[in-house]
Amino acid sequence: MEETAKQDVLILAIESSCDETAAAVVKNGREVLSNIISSQIEIHAAYGGVVPEIASRKHIERINQVIEEALNTAQVTLDEITAVAVTYGPGLVGALLVGVSAAKALSFAAGKPLVGVHHIEGHISANFIENKELEPPFACLVVSGGHTHLVSVKDYGVYEILGRTRDDAAGEAFDKVARALGLGYPGGPKIDRLSKEGNPDAVQFPRAKVGDSQYDFSFSGLKSAVLNYLNSCEMKGIEVCRADVAASFQHAVVDVLVEHALAAAAEYGFDKLAIAGGVASNGALRAAFEKACAQNNIAFYHPSPILCTDNAAMIGAAGYYEYIRGTRSGYDLNAIPNLKLGER
């Protein structure tokens, strides 16, 4: 720890867990020198969701250029990099393998340490980049297309999962409801946009509670309720106001997320609460958390939208703290699509 404090630590980070090919250079865990993202959204939109095989092939096409651009933008050479950090799970196995293989090759060729990073840890660490004063302990709600986790961040790299989804992730539910409403992919931003024109109290959709775990989530029933409502209206010949449905659905999701997070903060005595992940850029969710946290004297933190979606800067931040904790990965590092937070 003393040695790293005397000199800057530059992390070259790589992220390829889903459909963004990303590379970044992060200095001392909090300063982003470059953050290059090559998105595949337009390609996958035609299919209504991410096609794993296509995603993997596109990563292969773009990975070298994205890494080179990250180094050039940061104006550093591979020799000046301290370590190479890479997402190795969870995610799509083929997509992950592209990033892991590139990171191992760079690490070996340059003689730099390799640090494997958990994708969710990256999302949590995105909050450190723009909130220089934020330090553990705090609670963090991670909400994305693949994950809904309520996490106690006890220290850098030390986590306890307080709650997780039992079925659909919040972002997954957004995508499926958006598809049912004919909005297309990706669903989250489209529902957020349409909701601004609707009445969030127009339709009373259910707020699911998981009986044996106060902080777990379930969005499958809510998704089904929306689909049943749409089917019922169609059968009865009732015209559907899509904006009202979108707003009411979003309101139900936000209610549950805020309620669980605030209850956990109260029980565990957190005075700091952060959100992260793709759904964390949702305007209604941010507004609800800002209001609830202000009413309960809790400091609220969130990354900018660009750092909510998958990116490598967040992996660089997480990689820095793993590096100074002594985490090193061998060249046998493999992609683990179902990697649990806290596992190595």
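Laboratory data are not the source of any read-out in this text; all were calculated from the coordinates shown. Everything numeric in this text was worked out from a predicted model, so none of it was measured. Cβ placement follows ideal geometry from the backbone for every residue including glycine, while neighbour counts extend to all protein chains displayed.
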On each of the three principal axes the extent of the alpha-carbon atoms of the chain, given in whole Å and largest first, is 67, 45, 33
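Helix by helix through the chain, keep the DSSP H runs that span 20 Å or more along the axis on Cα and average at least -0.5 on Kyte-Doolittle, and give those back in order. Mind dumping the intermediate values first?
Numbers: long enough: 52-74 (31 Å, -0.53); 93-110 (25 Å, 1.74); 220-236 (24 Å, -0.04); 242-268 (39 Å, 0.63).
Correct list, ordered by number: 93-110, 220-236, 242-268.
In µm²/s, what is D for segment 136-304 at 37 °C and 0.692 mPa s, where D = kT/(6 pi eta Rh) by Stokes-Einstein and Rh is the Kirkwood radius from Cα pairs? Can you show the working numbers first?
Values: Rh = 16.2 Å.
Translational diffusion coefficient: 203 µm²/s.
DSSP loop (so not H, G, I, E, B), at most 10 other Cβ within 10 Å: list which trypsin sites (Lys or Arg not before Pro) in segment 104-205 pass both filters. Present the calculation step by step, with values, prior to reporting the outcome.
Numbers: sites: Lys104, Lys132, Lys154, Arg164, Arg166, Lys176, Arg179, Lys190, Arg193, Lys196; in loops: Lys132, Arg166, Lys196.
Of the trypsin sites (Lys or Arg not before Pro), the ones in loops of segment 104-205 whose Cβ has at most 10 other Cβ atoms within 10 Å are Lys132.
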Using alpha-carbon positions, what is the distance between the centroids of segment 293-319 and segment 103-136, in Å? 14
Filter Lys104/Lys209; Lys27/Lys196; Lys27/Lys272; Lys104/Lys272; Lys104/Lys223; Lys27/Lys190 down to the pairs with a C-alpha to C-alpha distance above 32 Å, please. Lys104/Lys209; Lys27/Lys196; Lys104/Lys272; Lys104/Lys223; Lys27/Lys190
Loop sites only, by DSSP: take the chymotrypsin sites (Phe, Trp or Tyr not before Pro) in the chain that have at most 14 other C-beta atoms within 10 Å and name the longest stretch containing none of them. 48-330
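Which percent, nearest 5, of DSSP beta bridges in the chain are antiparallel?
Working: 27 of 44 bridges.
Within the chain, antiparallel bridges account for around 60 percent of the total.
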Using only Cα atoms, locate the centre of segment 230-250 and the centre of segment 26-74, then give the distance between them in Å, rounded to an integer. 37
Quote the FRET efficiency, to the nearest 0.05, computed for Arg166 versus Asn334 with a Förster distance R0 of 30 Å and r equal to the Cβ-Cβ distance. 0.60
What residue among Ser56, Ser232, Ser16 has the largest mean-square fluctuation in a Gaussian network model of the chain, using Cα springs under 10 Å? Ser232
In a GNM of the chain with a 10 Å cut-off on Cα contacts, which of Asp212, Asp167, Asp244 has the highest mean-square fluctuation? Asp212
